[in-house]
Amino acid sequence: MSTFLKEPLNTPPAVTDEVQTTVSTIISDVSRRGTDAIRQYTEKFDNWSPASFRVSADEIDSAADQVDPEVLASAQFTLDQVRNFAQLQLDSMHEFEVETLPGVVLGQKHIPVQAVGAYSPGGLYPLIASAVMTVATAKSAGVPRVVAAAPPRRAAGMHPPQLWAMAASGADEIFCVGGVQALAGLAFGIEDSEPVDMVVGAGNVYVAEAKRQLFGTVGIDLLAGPTEVMVIADDTADPSVVAADLLGQAEHGPTSPAILVTTSEDLAHRVVEEVDRWLETWPTASVAGVAWRDYGTIIVGDDDAEMVQISDEIAPEHLEVHTADPEWFAERLRNYGTLFVGTHATVTYSDKAIGTNHVLPTERAARYTGGLWVGKFLKTVTTQRVTARGSAAVAEPAAVVAEAELMFGHAISARLRLNPEYFPDALGAEEDR
C-alpha cells in the first residue's frame, strides 16, 4: 500500500467564474469589433499599441541581428531536430487504397489543415522552443498558411529570439499580440489576416480557457493546464539529479505539480534534502520553491508494479524513469504525455532541443490523448470507389441494417443500386410504420 511522504498543500486551481467571464467577454468583443477590440485589450493588458500588430520583414531581420550567435546556433539545432522528428512521424503515416471486396475499393489520405494559428507564450518566460514546436511541426505537415503570434516583451515588441524562431520555423504571418485577444484574433481574423482553421500552443489559464471557448469555431490541439512532472525512482537513483529535475519543471509556474514516486523511503528523504539544498541557490526559486511547497508530492510504493499503477492513475504530462531497469517500466507504463527512459533522459531535452514536441496533455488527459504532433495538423479522410459488382456485395446487407435501424430511406437508396426500378411495397408516412 502506497504512502505519502509529502502531500501537496493545495489542489490544482480550477478555472474560476471570473476567468470564464473575462475570456468570454473578450472573445465576443473581438468577434464583433475585430482589430479595434484587439487593440483595446492589448493596450489594457500589455500597454502595447503599435501602428500595426503585424511584424514586418524589417523587424524580423532586426530581431536576428539582436540574437546572440550562440543562441541562434542552439535554436537552429532545436529547429533541425523538431523538423527531423516531425518528418519521421509523417513518414510513418501511410495513405492507401485497397480492394476490400470485389468491386469495392476503400482508401485513406491525409490532407493538411489549410490555416493554423500558432501561439507562443511570452509572459513569465518568452518561449523560443514553443514557437519551433508549433510552427515547424505545422509546416512539416504541409500546412500552407501558419500565422504565429506572441505578446510584446519590451517597448520594441516581441522577444527577438522568439521572433527569429517563428520566422525561421516558416511562419507565413507573424503578429505581436498576446493573451485571449490573440487567440480570438487568430480565430476571427486580425487586421488584414484571414481567420485560421485551428489554433495551437501553450499559455496561461486565460489562454487555455480561450481555446476551450473557441473550440468549434476553430480546431485546437489540446487543453493544457499547469505543466507537470513525475519521476519514478528506486534506490539506484541520484537524489540530487531527481531533485533538480523536479525543480526544473516546477519553475514553469507556482502551480506546477512535481511528483516523486519511489520504492525507497531513504531516497525520498534524500530528495527532500536535495530540494532544500538546491533552493538555496536555485535561480528561479521564487517560482519553483512555491510550486514545490504547494504542489510537490512524494509517494512511496511497495514495489515496481505499484509504482506503475500510481503513475498510470495520475497520468502525468512528463514522466521520467530513474531505476535500475527503466526498460521494464517503459514496457508497462500506459498513461503519460511523454516518457523519459533512463537517467540521461530529462524533460529539459524534450522541452528545448531533442526534437519531440513539448505541447502535451496535462490534468490526466494523457489517459486518452497524446501531445501535439505532425498528425494533429492532418485530416485523415476516407474514400470509397464502388462498381456494380461491389454494389451486389454490399447493398443488401446495408439495406437490412438500415431497416433494422428504422432508416427506410437508406434501405431504398441501397437497393436502387441493385435494381434502378426498385420500389418498395409500402411507402407510408413515417408515423404509419
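The values are calculated or read from the model by the stated rules, or taken from the named source; none is laboratory data. Everything numeric in this text was worked out from a predicted model, so none of it was measured. We place every Cβ from the backbone using ideal geometry, glycine too, and count neighbours over all the protein chains shown.
Can you tell me how many residues in segment 191-217 are in contact with a Pro (Cβ under 9 Å, 6 or more places away or on another chain) and more than 16 Å from residue 179 (Cα to Cα)? Spell out how you get there, then give the answer.
Narrowing segment 191-217 to residues in contact with a Pro (Cβ under 9 Å, 6 or more places away or on another chain): 201-205, 207, 217.
The next check asks that each one be more than 16 Å from residue 179 (Cα to Cα); those that pass are 217.
Within segment 191-217, residues that are in contact with a Pro (Cβ under 9 Å, 6 or more places away or on another chain) and more than 16 Å from residue 179 (Cα to Cα) number 1.
Counting only residues that are surrounded by fewer than 20 Cβ atoms within 10 Å (Cβ to Cβ), under 17 Å from residue 277 (Cβ atoms) and either of a type in the set (D, E, K, R) or touching a residue at least 40 places away in the same chain (Cβ under 8 Å) (or both), segment 225-247 holds 2 of them.
In this structure, residue 129 qualifies as touching a residue at least 12 places away in the same chain (Cβ under 8 Å), within 30 Å of residue 348 (Cα to Cα) and not in a strand (DSSP E or B). Looking across segment 315-325, the residues that are buried (at least 20 other Cβ atoms within 10 Å of the Cβ) and at negative phi come down to 316, 317, 318, 319, 320, 321, 322, 323. For segment 63-99, the candidate set comprises residues that are of a type in the set (Gly, Ala, Ser) and without any contact (Cβ under 8 Å) to a residue 60 or more places away in the chain; within that set, the residue that is farthest from residue 22 (Cα to Cα) is 92. Are any of the residues in segment 314-332 farther than 27 Å from residue 204 by Cα, in contact with a helix residue (DSSP H, G or I) (Cβ under 6 Å, 6 or more places away or on another chain) and among the aliphatic types (A, V, I, L, M)? Within segment 314-332, one or more residues are farther than 27 Å from residue 204 by Cα, in contact with a helix residue (DSSP H, G or I) (Cβ under 6 Å, 6 or more places away or on another chain) and among the aliphatic types (A, V, I, L, M).
Considering (1) out of contact with any Lys or Arg (no Cβ under 8 Å at 6 or more places or on another chain); (2) buried (at least 18 other Cβ atoms within 10 Å of the Cβ), the lone condition that residue 296 does not fulfil carries the number (1).
State whether one or more residues within segment 236-245 are among the charged types (D, E, K, R) and more than 26 Å from residue 364 (Cα to Cα). Spell out the reasoning first.
If we filter segment 236-245 for residues that are among the charged types (D, E, K, R), which is where we start, we get 238, 245.
Filter once more, keeping what is more than 26 Å from residue 364 (Cα to Cα): 238.
So far as segment 236-245 goes, yes, one or more of its residues are among the charged types (D, E, K, R) and more than 26 Å from residue 364 (Cα to Cα).
From the list 213, 249, which one is under 21 Å from residue 289 (Cα atoms) and in contact with a helix residue (DSSP H, G or I) (Cβ under 7 Å, 6 or more places away or on another chain)?
Values: 213 fails: under 21 Å from residue 289 (Cα atoms).
Just one listed residue meets the conditions, 249.
Cβ separations smaller than 7 Å between residues 6+ apart or across chains give the following pairs from segment 388-415 residues that are outside the structural domain of residue 99 (by TED's automatic domain parsing) to residues that are among the charged types (D, E, K, R): 391/417; 395/415; 395/417; 399/415; 411/403.
The requirement of being within 20 Å of the chain's Cα centre (by Cα), within 29 Å of residue 85 (Cα to Cα), among the aromatic types (Phe, Trp, Tyr) and surrounded by fewer than 20 Cβ atoms within 10 Å (Cβ to Cβ) is satisfied by residue 349. Number of residues in segment 110-125 that are aromatic (Phe, Trp, Tyr) and in contact with a helix residue (DSSP H, G or I) (Cβ under 7 Å, 6 or more places away or on another chain) equals 1. Counting only helices (runs of 4 or more DSSP H) that fall entirely inside segment 248-336 and contain at least 2 residues that are more than 23 Å from the chain's Cα centre (by Cα) and of a type in the set (Lys, Arg), the qualifying elements are 265-279.
In segment 193-224, of all residues being buried (at least 22 other Cβ atoms within 10 Å of the Cβ) and part of a loop (DSSP other than H, G, I, E, B), the one that is farthest from the chain's Cα centre (by Cα) corresponds to 196. The test for being crowded, with 24+ Cβ neighbours inside 10 Å, modelled with pLDDT of 95 or more and part of a strand (DSSP E or B) does not hold for residue 135.
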